[in-house]
Amino acid sequence: MAVSWTRHRFSGGTLALDATNTVVHRGDASRSFDRFDDPAEIPRFAAAARGFRAAELAHRELSVCDPVAIHGTVLAIREATDALFRATVRNGELHQALLPRFLRACADGLEGNSEAGGDPAIRFEAALAKSALSLLAEHSYRRIRNCPNCNWLFLDKSRNGSRLWCDMAVCGNRQKAKRHYRRRKAEEDQPHV
Ligand SMILES: [Zn+2]
């Protein structure tokens, strides 16, 4: 079934992290699945990203000529980005050992990219690589967080850098509801005296 690329699915705050979040429930083998399993989702994701990431893309189009041809490159960038920055969030420092694989994947995305500043479109895999590379800046990677509810990565753009959830309206509320349920249950289980 086709994915509907809603705003929630662009909670990463930047194109590269939105892409890492196309794998749902990462690390949970029983629930995890990949929204990019079908290469036809890549142009659909790109079309939605053009709206949600307009500022990052400088209002350019994302072009996907042949989703099957770029599928491998896109997945390689996505997985290297996820591995590098997930480890970086965990350690608090840029994970050096994962850099070569990440840089190679990004270089593949940029291969043959001849876009000029004024071009109305940029190739999707090149835009993804550029977005991923921009996270190497210290002020960026120090702002990457890992949502405790869904395990997505996101860029915390809040003023004080204390955002906890990828999307308060989805993950924040789910946790609140769970806490509320547990509290009610605990109260009900108390013996009445
Ligand atoms: Zn979340």
Whichever lysines have a C-alpha closer than 21 Å to that of LYS185, once near sequence neighbours (fewer than 8 apart) are set aside: LYS176
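Just need the relative contact order of segment 5-133 here, percent rounded to a whole number, with Cα pairs under 8 Å and 6+ apart.
Details: 153 pairs, mean separation 34.6, N = 129.
Once divided by the residue count of segment 5-133, the mean separation gives 27 percent.
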HIS59 versus HIS8, label points 7 Å from Cα toward the beta carbon: distance in nm? 3.1 nm
Computed D for segment 83-193, Stokes-Einstein, Kirkwood radius over alpha-carbon pairs, 25 °C, 0.890 mPa s, to the nearest µm² per second, is 143 µm²/s
Among the complete DSSP H segments of the chain, which ones combine at least 27 Å of alpha-carbon extent along their axis with a mean Kyte-Doolittle hydropathy of 0.0 or more? 67-91
Within 10 Å, at most 13 other Cβ atoms, and a DSSP state outside H, G, I, E, B define an exposed site. Report the longest part of the chain free of exposed GluC sites (Glu not before Pro). 1-92
Could you work out how far apart the two model spin labels at ALA116 and SER134 are, taking each label as a point 7 Å from the Cα in the direction of the beta carbon, and quote it in nm? 2.2 nm
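Mind checking the dipole of segment 11-83: about its Cα centre, +1 per Lys or Arg Cβ, -1 per Asp or Glu Cβ, Debye to the nearest 20?
Working: 8 positive and 11 negative charges, 42 e Å.
It works out to roughly 200 debye.
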proj_area_mean for the chain (convex hull on C-alpha atoms), units nm², value 13.9 nm²
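Could you give the Stokes-Einstein D for segment 28-96 in µm² per second, using the C-alpha Kirkwood radius, 10 °C, 1.306 mPa s? Let's see the in-between values first.
Values: Rh = 14.0 Å.
Using the Kirkwood radius from Cα pairs, D works out to 113 µm²/s.
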Taking the Cα centre of the chain as origin and charging only Cβ (+1 Lys, Arg; -1 Asp, Glu), how large is the dipole, in debye to the nearest 20? 1080 debye
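Ignoring everything except DSSP H segments at least 4 long, calculate the 222 nm mean residue ellipticity for the chain; use -39,500 (n - 2.57) per segment, divide by total residues, nearest 500. Walk me through the intermediate numbers first.
On the way: 7 runs with 87 residues, N = 193.
Mean residue ellipticity at 222 nm (helix-derived): -14000 deg cm²/dmol.
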In the chain, with Lys and Arg counted as +1 and Asp and Glu as -1 at Cβ, which of these residues, VAL24, GLN96, SER63, has the Cα nearest the positive end of the dipole, that is, farthest along it? VAL24
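Readers should treat all values here as calculations from the given coordinates under stated rules, not as data from a laboratory. Bear in mind that the values here come from a model prediction, so they are computed numbers and not experimental data. Note that we place each Cβ from the backbone using ideal geometry, even for glycine, and neighbour counts take in every protein chain shown.
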